[in-house]
Amino acid sequence: MLQKPRIIKSITITIIGVSLILLIFGSGELNFCGIRHIDLVKDIKNFESNQDPEFCEKIVDKILEFNEQCEPYIEILDCG
């Protein structure tokens, strides 16, 4: 009877471990795109507050690269 909780605990830990590995390595692109999206949104908000044209050009380059590789599509900024 004492073996049952130990087996259940081992199975649970194994399932959690495998799930974490699959999450980290299996969907790495999705996680990476998500992080890049958050970073771009932050940069766009910073640009809206400072209106620096050089910073805007850097953001546009990042947006173009992001739109080629990830979703959702981000609208290109007007740096003019």
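The values are calculated or read from the model by the stated rules, or taken from the named source; none is laboratory data. This structure is a prediction, so every number in the text was calculated from the model and none was measured. Heads up, the Cβs are rebuilt from the backbone with ideal geometry, glycines too, and the neighbour counts pull from every protein chain shown. These accessible areas exclude ligands, DNA and RNA; they are computed on the full protein's heavy atoms, side chains included. Shrake-Rupley method; radii C 1.70, N 1.55, O 1.52, S 1.80 Å.
Note on residue 65: accessible area is roughly 100 Å² with a 1.4 Å probe, heavy atoms of protein only.
The Cβ shell under 14 Å around residue 50 holds other residues with a net charge of -2, Lys and Arg each +1, Asp and Glu each -1.
How would 36, 6 line up by accessible area, probe 1.4 Å, largest first? Display every interim value, and only then the final one.
Values: 36 40, 6 160 Å².
Descending order: 6, 36.
Between beta-carbons, use under 10 Å as the cut-off and find the net charge around residue 66, counting Lys and Arg +1, Asp and Glu -1. Once all neighbours under 10 Å are counted, the net charge is -3. Distance between the pseudo-spin-label points of residue 11 and residue 65 (7 Å out from Cα toward the beta carbon): 4.7 nm.
Karplus-based coupling profile of segment 59-67, in residue order and whole Hz: 5, 4, 4, 5, 5, 4, 5, 4, 5, with θ = phi - 60° in 6.51 cos²θ - 1.76 cosθ + 1.60 and x standing for Gly or Pro.
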